[in-house]
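J.: One structure coming up, written as structure tokens, with questions to follow.
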Amino acid sequence: MNKILVTTSRGLDELLKQEIQTLCPDANVKMMPGALSFEGSKPDAYKVCLWSRLANRVIWVLAEGKADSADALYETAMSVDWPMHMNSNHTLSVQFVGTNRAIKNTQFGAVRIKDAIVDLFVEQGMSRPSVERKSPDIPVYARLGRDKVTIGLDMAGASLHQRAYRQQTGDAPLKEHIACAMLLRSGWANNTDVPLVDLMCGSGTIAIEAAYIARNIAPGIKREYWGFNAWLGHEHAVWDELVTQAQSVQQPMNTKIYASDVSRKLIHVAKTNADIAGVFSDIQFSHQDAVKSSPPIATPGYVVTNPPYGERLGELTELIPLFSDWGKRLKVAWKGWNISLLSSNRDLLRVMKLRASKEYALNNGKLECKLVNYVLDEENTVQFGEDAENHEFANRLRKNLKRMKSWVKKANTNCYRIYDADLPDYNVAIDQYDDWLVVQEYAPPKTVSEEKSRKRLQEVLLYLPAVTGISPKNIALKVRAQQKGTKQYEKLRQSGEMKEVHENGIRFLVNLTDYLDTGLFLDHRNTRKIVMDMSSGKDVLNLFSYTGSVSVYAGLGGAKSVTTVDMSNTYLDWAKKNAALNKVKCPQAFIQADCTTWLSDHKGKYDLIFIDPPSFSNSKRMQNTWDVQRDHLTMLTHANSCLKEGGTIVFSNNKRGFKLDEAGIGALGLSAQNITGRTIPEDFARRGKIHQCWIISKQS
């Protein structure tokens, strides 16, 4: 008898223990997180390799010893009589799992064990075995726990979830052993005479594993590479007999398995995988949308599926309405069925408004997931009244849209704010850009729990399409916490997709998905018009220009010239596109520079200077940090030196609580007129002072 270590994914420990005890009835199994061990024979180890539906690795333990230092790890590895297990001409690899205070790096631990193995061969006058990372003859496995290490032969060679039938996958493939755990936890694996349905089958893993279970097919039957193939201790006859026996106990299908997906491409992939697995004729595949699905058979059974999780923020905008509709469909069409869903987003499943009967925690790869079981009995198929007519957020949004209808028409724009944290529980801003919505979630106050905040956001995303008529696919979701410096301009993704919008007859390009801000500050709509009306015949300077919208207004307002300055080449290119889109004809200059220092040395003279700086910035491109409260007077001093006689500065910023240094302004011979009230558009009036704005000019 020898110690055998079997590993699996977190959450499958208890299931694996039950499986091992079935395969090896005499085994006294000891459990630990993600693994278990027992004393067993080679036939026991072979059986687990061939038959386990839940294990990842099967380790034939060769040594256990100290690893409280690099030298101790080396000595433990040297204690194994490696020439008994391999020849010099065999290749080897070492997989090392775990760290401690002495062994802080798994690669270092693997190298120390490799060194011990090859040194032992050299000491005994033999050639050094060579290292082969992929498919080595002898795969060595080491597991570090505190100051002790377990070293052994990885009999599986590669993770046992790799059944050798899956040639292609979708974007987020479900591992085969996780699929089996789902089938076991759902209850179907113990009741295989009833139908099984996977409504989001992807590459077919759940359906194929179900067919293997129903037909009593050993999950390792198609694998050719094993870690023990070249092992000197391998008993070929024993293994061959187990394989022959496994083939003899396969049985015909006695149940119905159905697999469908909304993607025709994935259905093709699933069919190919099922064919390679040898169970193509046991599964009925179809192209079908789960949200519109109906049972393929009258007899109720089990739905076991792995729906999308919405790991990426933007995916939630489409998934929340989808899950809501899916929940309604299940209640109507799937009464009497058992439903098991795996998700890393438990809140997303709650949108379906189904009462769970049981939940299990397990990991799908690195994602912590829940397998949630539902029984669609009479109580669980009641439809909840959740139409948009009866929801407070939906009602408020509807009132806003009705009130704004005449103003929008008069404003001659297709981009405006329709909701701005009007209700404390729904702490979001929602901007409409033609047929798109941008939802910005403000960071919740500490008094609001994260769970409640998530629930409220999901309600927003659920009702928005119903109230506005805009498709969930055209909703961009962003989280806006209090930002510093230029962080608000950082990229979220890289689609590069531009959309054209308009205001006051002027067209602009916006990017609704890649950045926290879109390229057009909607609250400055009135401010841009004021600059336009002041620009005729003047030399205009636009500092911190962003995407140049103010420059376009000035140019179309008849400016003599427009100079546009920003630190970002990306935004300057964007500004050039906006100018070209509107055929601005006056002379223009686009300058890439740090506005906080560029102006201090600049010798140009201007009639009108527009300044809308960030509240704070510490960009790497800047020589110093910038704080608008601390530094605005210095900037206005430099701007004043660049003003022509009779020139004007329009100064704006959005720092909460900002106070203009009126005494300092006066000392410069300037006077400031607060025009904030004129610059706040009607769609931002509910928010109050989203920004402040002054016209600063020479005192007469």
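J.: In the stretch 27-51, how many are part of a strand (DSSP E or B) and touching a helix residue (DSSP H, G or I) at 6+ places or on another chain (Cβ under 7 Å)?
T.: Here is the first cut: in the stretch 27-51, the residues part of a strand (DSSP E or B) are 30-32, 35-40.
Checking which are touching a helix residue (DSSP H, G or I) at 6+ places or on another chain (Cβ under 7 Å) leaves us with 31, 36, 38.
Residues in the stretch 27-51 being part of a strand (DSSP E or B) and touching a helix residue (DSSP H, G or I) at 6+ places or on another chain (Cβ under 7 Å): 3 in total.
J.: Looking at the stretch 685-700, which of the residues that are closer than 19 Å to V531 by Cα and of a type in the set (A, V, I, L, M, F, W, C) is surrounded by the fewest Cβ atoms within 10 Å (Cβ to Cβ)?
T.: Within the stretch 685-700, the match that is surrounded by the fewest Cβ atoms within 10 Å (Cβ to Cβ) is I695.
J.: Might you let me know whether the stretch 247-255 holds any residue that is surrounded by 18 or more Cβ atoms within 10 Å (Cβ to Cβ) and modelled with pLDDT under 95?
T.: Within the stretch 247-255 (the criterion being surrounded by 18 or more Cβ atoms within 10 Å (Cβ to Cβ) and modelled with pLDDT under 95), the answer is yes, since at least one residue qualifies.
Matching residues to (1) β-branched (V, I, T); (2) under 41 Å from the mean Cα position of the chain (by Cα); (3) under 23 Å from A672 (Cβ atoms):
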position	(1), (2), (3)
T570	yes, yes, no
K583	no, yes, no
D594	no, yes, no
S615	no, yes, yes
T625	yes, yes, no
L633	no, no, yes
G646	no, no, yes
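J.: Okay, moving on. Hey, does the stretch 417-426 have a residue that's hydroxyl-bearing (S, T, Y) and either assigned by TED's automatic domain parsing to the domain that holds I506 or touching a Leu at 6+ places or on another chain (Cβ under 7 Å) (or both)?
T.: Looking through the stretch 417-426, at least one residue is hydroxyl-bearing (S, T, Y) and either assigned by TED's automatic domain parsing to the domain that holds I506 or touching a Leu at 6+ places or on another chain (Cβ under 7 Å) (or both).
J.: Run T648 past the list (1) within 20 Å of T563 (Cα to Cα); (2) modelled with pLDDT under 95; (3) polar (S, T, N, Q) and report the number of the one that doesn't hold.
T.: Unmet condition: (2).
J.: Quick check on this structure: which one of L397, L423, L367, L371 is of a type outside the set (V, I, T), within 27 Å of the chain's Cα centre (by Cα) and either modelled with pLDDT under 95 or within 17 Å of L461 (Cβ to Cβ) (or both)?
T.: When all the criteria are applied, what remains is L367.
J.: Let me ask something else about it. Can you name the condition, by its number, that T169 falls short on among (1) more than 26 Å from K134 (Cβ to Cβ); (2) among the polar types (S, T, N, Q); (3) surrounded by fewer than 24 Cβ atoms within 10 Å (Cβ to Cβ)?
T.: It fails just one condition, (1).
J.: Yes or no: R112 touching a helix residue (DSSP H, G or I) at 6+ places or on another chain (Cβ under 8 Å), under 18 Å from S69 (Cα atoms) and touching a residue at least 12 places away in the same chain (Cβ under 8 Å)? Even if it seems obvious, please write down each step before you answer.
T.: Details: touching a helix residue (DSSP H, G or I) at 6+ places or on another chain (Cβ under 8 Å): yes; under 18 Å from S69 (Cα atoms): yes; touching a residue at least 12 places away in the same chain (Cβ under 8 Å): yes.
Yes; evaluated as a whole, the condition is true for this residue.
J.: Would you point out the residue of the stretch 648-662, among those that are of a type outside the set (S, T, N, Q) and part of a loop (DSSP other than H, G, I, E, B), that is farthest from K689 (Cα to Cα)?
T.: Of everything passing the filter in the stretch 648-662, D661 is farthest from K689 (Cα to Cα).
J.: Right, here's the next one. Could you list, in sequence order, the residues of the stretch 54-81 that are surrounded by 22 or more Cβ atoms within 10 Å (Cβ to Cβ) and under 12 Å from A116 (Cα atoms)?
T.: L73, T76, A77
J.: Another one. Scan the stretch 93-119 residue by residue and report those that are closer than 12 Å to I151 by Cβ and not small (G, A, S).
T.: V94, Q95, F96, V97, R112, I113, K114, I117, listed by residue number.
J.: Does A211 meet the test of being among the small types (G, A, S), touching a Cys at 6+ places or on another chain (Cβ under 9 Å) and buried (at least 23 other Cβ atoms within 10 Å of the Cβ)?
T.: Details: among the small types (G, A, S): yes; touching a Cys at 6+ places or on another chain (Cβ under 9 Å): no; buried (at least 23 other Cβ atoms within 10 Å of the Cβ): yes.
So A211 fails the test.
J.: Let me ask something else. So which residues in the stretch 426-442 are of a type outside the set (A, V, I, L, M) and either at pLDDT below 95 or part of a strand (DSSP E or B) (or both)?
T.: If the condition is that a residue be of a type outside the set (A, V, I, L, M) and either at pLDDT below 95 or part of a strand (DSSP E or B) (or both), then Y426, N427, D431, Q432, Y433, W436, Q440, E441, Y442 are the ones that fit.
J.: Please tell me if I276 is more than 23 Å from S471 (Cβ to Cβ) and in contact (Cβ under 8 Å) with a residue 12 or more places away in the chain.
T.: Here the answer is yes, as I276 does meet what is asked.
J.: Is it true that T648 is in the same structural domain as I530 (by TED's automatic domain parsing), touching an Asp or Glu at 6+ places or on another chain (Cβ under 8 Å) and surrounded by 14 or more Cβ atoms within 10 Å (Cβ to Cβ)?
T.: Considered against the rule, which asks whether it is in the same structural domain as I530 (by TED's automatic domain parsing), touching an Asp or Glu at 6+ places or on another chain (Cβ under 8 Å) and surrounded by 14 or more Cβ atoms within 10 Å (Cβ to Cβ), T648 comes out as yes.
J.: Here are the criteria: (1) closer than 19 Å to I530 by Cβ; (2) small (G, A, S); (3) out of contact with any strand residue (DSSP E or B) (no Cβ under 8 Å at 6 or more places or on another chain). Tell me which single one G555 does not satisfy.
T.: (3)
J.: Only residues that are crowded, with 18+ Cβ neighbours inside 10 Å and either in contact with a Lys or Arg (Cβ under 9 Å, 6 or more places away or on another chain) or in the same structural domain as L457 (by TED's automatic domain parsing) (or both): list them for the stretch 330-344, please.
T.: K331, S340, L341, L342, S343
J.: Just need a number here: residues in the stretch 52-80 that are assigned to a loop (DSSP other than H, G, I, E, B), in contact (Cβ under 8 Å) with a residue 24 or more places away in the chain and over 21 Å from K134 (Cβ atoms).
T.: 8
J.: Still on this structure, please answer the following. Please go through (1) at pLDDT 95 or above; (2) out of contact with any helix residue (DSSP H, G or I) (no Cβ under 6 Å at 6 or more places or on another chain); (3) in a helix (DSSP H, G or I) for Q284 and return the number of the only condition it doesn't satisfy.
T.: Going through (1) at pLDDT 95 or above; (2) out of contact with any helix residue (DSSP H, G or I) (no Cβ under 6 Å at 6 or more places or on another chain); (3) in a helix (DSSP H, G or I) one by one, Q284 breaks only (3).
J.: Here is a further query. Every residue in the stretch 545-557 that is farther than 13 Å from F521 by Cα and hydrophobic (A, V, I, L, M, F, W, C), please.
T.: V552, A554, L556
J.: Name, by its number, the condition in (1) surrounded by fewer than 19 Cβ atoms within 10 Å (Cβ to Cβ); (2) in a helix (DSSP H, G or I); (3) touching a strand residue (DSSP E or B) at 6+ places or on another chain (Cβ under 7 Å) that does not hold for G109.
T.: It fails just one condition, (1).
J.: Quickly run through the stretch 314-355 and pick out the residues that are more than 21 Å from V194 (Cα to Cα) and among the hydrophobic types (A, V, I, L, M, F, W, C). Spell out how you get there, then give the answer.
T.: Taking the stretch 314-355 first, the residues more than 21 Å from V194 (Cα to Cα) are 314-329, 343-355.
Within the stretch 314-355, L316, L319, I320, L322, F323, W326, L348, L349, V351, M352, L354 meet the criteria.
J.: Filter the stretch 581-611 down to the residues that are of a type in the set (A, V, I, L, M, F, W, C) and outside any loop (DSSP other than H, G, I, E, B) and list them by number.
T.: L581, A589, F590, I591, C595, W598, L599, L608, I609, F610, I611
J.: Output the number of residues of the stretch 51-93 satisfying the condition of being of a type outside the set (K, R) and in contact with a Pro (Cβ under 8 Å, 6 or more places away or on another chain).
T.: Filtering the stretch 51-93 down to residues of a type outside the set (K, R) leaves 51-52, 54-56, 58-65, 67-93.
If we keep only those that are in contact with a Pro (Cβ under 8 Å, 6 or more places away or on another chain) too, we end up with 51-52, 86-93.
Of the residues in that region, 10 qualify.
J.: Let me ask something else about it. Quick one: would you say M86 is crowded, with 20+ Cβ neighbours inside 10 Å and either over 15 Å from A142 (Cβ atoms) or free of Cβ contacts under 8 Å to residues at least 24 places away in the same chain (or both)?
T.: So M86 fits the description; yes.
J.: Select, from A230, A237, the only residue that is without any contact (Cβ under 8 Å) to a residue 40 or more places away in the chain and hydrophobic (A, V, I, L, M, F, W, C).
T.: So the residue among A230, A237 that is without any contact (Cβ under 8 Å) to a residue 40 or more places away in the chain and hydrophobic (A, V, I, L, M, F, W, C) is A237.
Results for (1) assigned to a helix (DSSP H, G or I); (2) touching a strand residue (DSSP E or B) at 6+ places or on another chain (Cβ under 9 Å); (3) at pLDDT below 95, shown as yes or no for each residue.
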site	(1), (2), (3)
L120	yes, no, no
G157	no, yes, no
G170	no, yes, yes
H177	yes, no, no
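The values are calculated or read from the model by the stated rules, or taken from the named source; none is laboratory data. The structure displayed is predicted, hence computed values, not measured ones. Glycine also receives a Cβ, built like all others from the backbone with ideal geometry; neighbour counts cover every protein chain displayed.
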